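**Q** Could you have a look at this structure, given as structure tokens, before my questions?
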Amino acid sequence: MESSDDEKDGIYGNFVPKELGHNFALNGTKFVDEVLNGQSERCLENFRMDKPVFYKLCDILQGKGLLRHTNRIKIEEQLAIFLFIIGHNLRTRAVQELFRYSGETISRHFNNVLNAIMAISLEFFQPPESDVPPEISQDPRFYPYFKDCVGAVDGIHVPVMVGVDEQGPFRNKNGLLSQNVLAACSFDLKFHYVLAGWEGSASDLRVLNSALTRRNKLQVPEGRYYLVDNKYANMPGFIAPYLGVSYNSNEFPSGYHRQDAKELFNQRHFLLRNATDRIFGALKERFPILMSAPPYPLQTQVKLVVAACALHNYIRREKPDDMLFKMYEPQTALQIQESLAPQEVEQAIMPVDTHGLEVAFEAEQPELSSQLRDSIATEMWEDYIRDLAVV
């Protein structure tokens, strides 16, 4: 019999987020009702998605039997608690203040919703489509050169909290504790694949190797490839920029003409691969809990990354033009911004060592990958020079 799981109402401590102070007099049910009965923008601000998207997710989770109403907390409030925590990077004590439930109740519903989202997460990760992405086909800088490209792959370090005895492997090259997360994404800012949980000290190539060899592995369609930066190797299924050649387009003054095929290739490769920066930016903007180490067990921290990416994809599918996505869109659907803020781009000066890779390649495949990159660069350069001559 369901009885005491939600009975401990009351105030714990004295912290309420400043921006939410006016809701102090409300209990959780009234606060959620007030938000959901208000403007859709208020739902986006508090629960990180528009009202119709929120309600549809409730229906999905209920319809699959993953969440159910309790005696005192409806599914809408359970989901709101979870989204409020990850969407504002709040700790249990602060959420207790607003929703007026015990820490145990908050934690239970947080974990229930997290597990429910994980249970359907694979439904929100779709493999690349067979068509040429419109971001390529409709932009002469990228088409036809990158017509076989399906997206971009990159890694991101997410802060992690682990016990003292476990910290060594999780300490990254900057001395911070993190998990190294690999993601493959489309150019319209959807995640194809996410692998979380690797220690911060693990190299990006090692994490990619794991993604390519595990049971639930990253699948690269036959004859297609992802763009990667120079932390990775240029190898079958992955095209990296040329080493020793400028890569960040902001290094060049306005009106600068590229000097050779490799320089031009790297510039356009950078502009297209920038989708990873934008998708990670949108993800952290929506779910800032990923920007600091939450005090949860490691397994929960890993689940949070995957769940956040799954929710990102769900929202992108249901409401691709919501306010948070607009912050990370190019000026038009056909143009990728070239005037990006300066970034620190890690330049490799030596070829990436691929001897640790467990992926089986035919002997000639790496050489064929280099030939493919050279052929793309040559065709791009020839068209570039011809266009300059016409001007």
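The values are calculated or read from the model by the stated rules, or taken from the named source; none is laboratory data. Computed from a prediction, not measured in an experiment: that's the story for all the values here. For neighbour counting, all protein chains shown are included, and Cβ atoms are generated from backbone atoms with ideal geometry for every residue, glycine included. Areas reflect the complete protein model, heavy atoms only, side chains present, ligands, DNA and RNA absent. Shrake-Rupley method; radii C 1.70, N 1.55, O 1.52, S 1.80 Å.
**Q** So which of PRO288, PRO294 is modelled with pLDDT under 95 and of a type outside the set (Ser, Thr, Tyr)?
**A** Result of the check over PRO288, PRO294: PRO294.
**Q** Can you name the residue in the stretch 172-203 that is of a type in the set (A, V, I, L, M) and not in a strand (DSSP E or B) and, of all such residues, is nearest to the chain's Cα centre (by Cα)?
**A** Per the stated criteria, the residue is LEU189.
**Q** Do we find a residue being open to solvent by less than 10 Å² (accessible area, probe 1.4 Å) and in contact with a strand residue (DSSP E or B) (Cβ under 8 Å, 6 or more places away or on another chain) anywhere in the stretch 163-179?
**A** yes
**Q** Quick test for you: out of LEU44, LEU66, LEU36, LEU61, pick the one residue that is assigned by the TED database to the domain that holds ARG108, within 21 Å of ILE289 (Cα to Cα) and in contact (Cβ under 8 Å) with a residue 40 or more places away in the chain.
**A** Of the residues listed, the single one that is assigned by the TED database to the domain that holds ARG108, within 21 Å of ILE289 (Cα to Cα) and in contact (Cβ under 8 Å) with a residue 40 or more places away in the chain is LEU44.
**Q** So, of the residues in the stretch 213-232 that are within 19 Å of the chain's Cα centre (by Cα) and farther than 20 Å from LYS190 by Cβ, which turns out to be least open to solvent (accessible area, probe 1.4 Å)?
**A** So, considering only residues that are within 19 Å of the chain's Cα centre (by Cα) and farther than 20 Å from LYS190 by Cβ, the one least open to solvent (accessible area, probe 1.4 Å) is TYR232.
**Q** Residue check, ILE156 against (1) open to solvent by less than 20 Å² (accessible area, probe 1.4 Å); (2) within 17 Å of ASP229 (Cα to Cα), all met but one. Which one?
**A** (1)
**Q** Tell me yes or no: at least one residue of the stretch 288-296 is over 14 Å from the mean Cα position of the chain (by Cα), of a type in the set (S, T, N, Q) and surrounded by fewer than 23 Cβ atoms within 10 Å (Cβ to Cβ).
**A** Yes.
**Q** Can you tell which of ARG273, ARG258 is outside the structural domain of GLU45 (by the TED database), charged (D, E, K, R) and farther than 18 Å from VAL194 by Cα?
**A** The unique qualifying residue is ARG258.
**Q** Would you be able to say whether some residue in the stretch 205-220 is part of a helix (DSSP H, G or I) and basic (Lys, Arg)?
**A** Yes: one or more hits.
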